[in-house]
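Working notes, beginning with the structure itself.
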Amino acid sequence: MIFFDKDTLQFQLNTKSFSYVMQVRDGFLLHLYWGEKLSQGDHSYFFREQGRAAFSPRLEGCRGFILDDVPLEYPCWGRGDLRTPALEIENTDGSNIVDLRYVSHTVQAGKPGIPGLPAVYVENENECETLVIRLQDAYSKVTAELYYCVMADYDILTRYTRIINEGEGSVQIRRAMSASFDFDKAEFDILSNYGTHCRERQIERHALKHGRFILSSRRGASSHVHNPFMILTSPETSETAGDVFATVLVYSGNFVAEAAPGQFDSTRAMIGLNPEEFSWKLNPGEDFYTPEAVQTYSSTGLETMSHNFHTLFRTRLARGIYRDARRPVLLNSWEACYFGFDEERLKKIGTCCGDLGIELLVIDDGWFGKRDSDNCSLGDWVVDKRKLPNGIEGIYNHLKPLGIDLGIWFEPEMVSPDSDLYRNHPDWCLDIADIPRSEGRNQLILDLSRKEVCDYLYDSLAAVLGTGMIAYVKWDFNRNMTEVGNPNVPADQKREITHRYYLGLYSLLERLVTDFPKVLFESCSGGGGRFDAGLLYYMPQVWTSDNSDAIERLRIQHGTSLVYPLSAMSAHVSASPNHQTEHVTPFMTRFNVALTGSFGYELDPTQLSDEEKQLVLATGNTFKSYGEAVSKGTYYRLRDPHGGDHAAWCVVSEDRSLCIATFVLTHVRMYGRNERFCLRGLKPDAVYVDKNSGAEYRGDQLMNFGLHVPLALEFSSLQWILEEKA
Ligand code: GLA
């Protein structure tokens, strides 16, 4: 996996399908290659000394090259490279020069964890080899250790940086990227997810132009707006062909991902903590770890890229018993009752769930404090006896004989000004003294960078989870950060608070998932406002969007699938007309779309007609039979819902003996063409039987001619369950 040639000072990192090559020249760590796999050898000639100066100074003592014109692995600010740096340090004397040169390196088997941060893991040492390259500034003794973790079989390279102050005075880290990428060309398309609340992760693609293209969040969360990844492709790249260079940040707070074609038509891209809302004081002897960046390369289009990330995130980022187990079919009380429930209503819903084969009932917002609306009680995680006179136990005891588990909603990171917690600890929220605080949804954010706050939250949640009655937790986060501060933190450390907040959140989550290993945790942030790889390390599924409309979900789930696996996407059948859009959609379309994720319902089952109840029973059984194969299967995007009038996809089981294919008609056009669509990922010679019609097709027919789509009604859909003939 990792080769070092001591004569040419070259590092070659090989996965199953790609290579990544670096070389030390004049002490600088240069980037030579990232692309299709190369045989091991001397690639020195890849480096071309062009000597283009264009006003860029030449470094004294460095005869070889103009720094501004060479591909660098971890560029720093202050010497001859005038492009955007990966690292910027304010030295003890206030200067901001840092000049990292190669010192040494080590190679070790396995993959170390990153202290305090979520990271991809391995189950045995053979799955990964780790290279650590040590670079140092000779004057300030600021040191950077670049970690390269090669997971060959997964076609994954992960990277992060440890910065150590080996000097004698304190320095400030102003900017520390997790990974930087220099390419020797400028012709790229860039793909991103953009969106907002209820319209998350739409796909946008365009050509990269001169200038800096930045995707970022400064909102105190990875956010609904952009997602922390960077995908660069060749202009002609499609789902199934062409180059893709992709990297995802394992982090939930402020991030930046940028790409900038420069003056010589090379491109520098990078990903890491957003420096606009960050700096970090590093005292002598201290170190700092950046979050991890996970990168993959594909020469066969976006599909392979997605498959690489899906497999890795599902099996080597998500943890706990639900990583591999089928998730329960759940019903969430939010769109069923909002705040308007009591014990009697929940019991009725519970009984109905029992009749319908639903396995878990989630009591969403409204069970604690005096919460009849969103204007109070966050922080007071104690049952509201007005609504639930017999406590959680009253509901639990009703559900248990029905074989239904109980789940509950928390929004631990928040506090309502009208709450006992706030009255007792008005100083526990993010706060800049003397400046009025902004409320979002009538709430303030607790300062999780403080240990006493995290301890309080641990104790509050543990008191509920410790009863053993709770099988599932929905962990919400319903506003972004403003007035980020803490009057007790010195001025030169104020910009550490957001990152320290996330270190606090991660350590709180680590304690909870360790101490309550049987609980299924689902993260949420007004739907998908923190759908990121950082939280997937603690919670294997995410409420994908507050928009539960099946038609709107097509784009949201399609966009989410660029990077994240189906097992991470919670998708529920909601009522029709839909509560957000008022779309009226057939039950089967709502089911067919929800089947692609971690499945459940977002409606009042007592209000369903007899016919709908039969459908719930039948489709619930479909999920129970096939849900696990879907969540572990390989997902193929067949028709892009951004295209206009339809969407289609299929999921193929790991052994390729099962394929579930879905087509949804979103817009009817008069006298439309004879629609058919081709599947992917099947065994060409195998015969597949359509479970519903009994029709038989060969894999090569399904992949090359496809299936006819006899659909005529708007929002109608078809789903084919195709099983290999024994
Ligand atoms: C957020 C969530 C919803 C629901 C409400 C409750 O908006 O995304 O699913 O839990 O909070 O207040």
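The values are calculated or read from the model by the stated rules, or taken from the named source; none is laboratory data. Being a predicted model, the structure only gives us computed values, none of them experimental. Counting neighbours? That spans all protein chains shown, and the Cβs are built from the backbone with ideal geometry, glycine included. For accessibility, only protein heavy atoms count, side chains too; no ligands or nucleic acids. Shrake-Rupley method; radii C 1.70, N 1.55, O 1.52, S 1.80 Å.
Of the residues 481, 670, 588, ranked by 1.4 Å probe accessible area with the largest first, the sequence reads 670, 588, 481.
Measuring r between the beta carbons of residue 153 and residue 385 and using R0 = 41 Å, the FRET efficiency lands at 0.15.
Residue ranking by accessible heavy-atom surface, 1.4 Å probe, largest first, among 624, 37, 111 comes out as 37, 624, 111. Using the Cβ atoms and a cut-off under 12 Å, what net charge is assigned to the surroundings of residue 519, where Lys and Arg are +1 and Asp and Glu are -1? So the environment of residue 519 carries a net charge of -1.
Under the rule a/c < 1.5 gives rounded, and otherwise a/b versus b/c splits prolate from oblate, where does the chain land using the Cα gyration tensor?
Details: a/c = 2.12, a/b = 1.28, b/c = 1.65.
It comes out oblate by the Cα gyration axes.
With Cα atoms defining each centre, the range 174-205 and the range 112-135 are spaced 24 Å apart in the structure.
The angle separating the long axis of helix 343-356 from the principal Cα axis of greatest extent in the chain is about 90 degrees. Think of a 1.4 Å ball rolled over the protein heavy atoms: the range 294-448 then has 35 Å² of accessible area per residue.
For the range 611-708, with every protein chain kept in place, what is the accessible area per residue (1.4 Å probe, Å²)? Kindly include the intermediate steps, with their values, before the conclusion.
Values: 4780 Å² over 98 residues.
Per-residue accessible area for the range 611-708 comes out at 49 Å².
Distance between the C-alpha centres of the range 341-385 and the range 1-49: 58 Å, rounded to the whole angstrom.
Exposure check, 1.4 Å probe, all protein chains in place: residue 174 carries approximately 80 Å² of accessible surface.
For the full complex of protein chains and a 1.4 angstrom probe, list 474, 141 by accessible area with the highest value first.
Working: 474 10, 141 80 Å².
Ranked from most to least accessible, the order is 141, 474.
Averaging Cα coordinates gives a centre for the range 589-641 and one for the range 388-420; these two points are 26 Å apart.
Run the numbers on the range 82-141 and let me know its relative contact order in percent, using alpha-carbon pairs under 8 Å that are six or more apart.
Numbers: 72 pairs, mean separation 22.9, N = 60.
RCO, the range 82-141: 38 percent.
Ligands, DNA and RNA aside, residue 234 has an accessible area near 10 Å² when probed at 1.4 Å. Relative to the longest principal axis of the Cα atoms of the chain, the long axis of helix 301-316 makes an angle of roughly 80 degrees. Each residue, residue 667 and residue 434, gets one label point 7 Å from its Cα in the Cβ direction; the gap between the two is 5.6 nm.
Placing a pseudo-label 7 Å from each Cα along the Cα-to-Cβ vector at residue 325 and residue 609 gives an inter-label distance of 3.8 nm.
Give the relative contact order (percent, whole number) for the chain; include only Cα pairs under 8 Å separated by 6+ residues. Rounded, it is 10 percent for the chain.
Is the shape of the range 512-669 best called rounded, prolate or oblate, per the rule: a/c under 1.5 gives rounded, else a/b larger than b/c gives prolate, else oblate, with a ≥ b ≥ c the square roots of the Cα gyration tensor eigenvalues? Since a/c stays below 1.5, the shape of the range 512-669 is classed as rounded. For residue 212, the solvent-accessible surface with a 1.4 Å probe is about 130 Å², rounded to the nearest 10. Multiplying the residue separation of residue 139 and residue 107 by 0.36 nm and subtracting their alpha-carbon distance yields 8.8 nm.
Distance between the modelled labels on residue 39 and residue 696, one decimal in nanometres: 4.6 nm (7 Å Cα→Cβ projection). Classified by the C-alpha gyration tensor, the range 2-316 has a rounded form. Its axis ratio a/c, with a ≥ b ≥ c, is below 1.5. Taking a point 7 angstrom from the Cα of residue 240 along the C-beta vector, which residues in the range 668-708 have backbone N less than 17 Å away? Inside the label zone: 676-686, 698-708.
How large, in percent, is the carbon and sulfur part of the accessible surface of the chain at a probe radius of 1.4 Å? Spell out each step's value before the answer.
Numbers: 12980 of 26700 Å².
After summing per-atom areas, the C and S share lands at 49 percent.
Loop only per DSSP, at most 16 neighbouring Cβ atoms within 10 Å: give me the GluC sites (Glu not before Pro) in the range 63-172, ordered by residue number.
Working: sites: 73, 88, 90, 123, 125, 127, 129, 145, 166, 168; in loops: 73, 123, 166, 168.
Taking the range 63-172 and a limit of 16 other Cβ atoms within 10 Å, the loop GluC sites (Glu not before Pro) found are 123, 166, 168.
Our estimate of slack between residue 708 and residue 355, defined as 0.36 nm per intervening residue step minus the Cα-Cα distance, is 123.4 nm.
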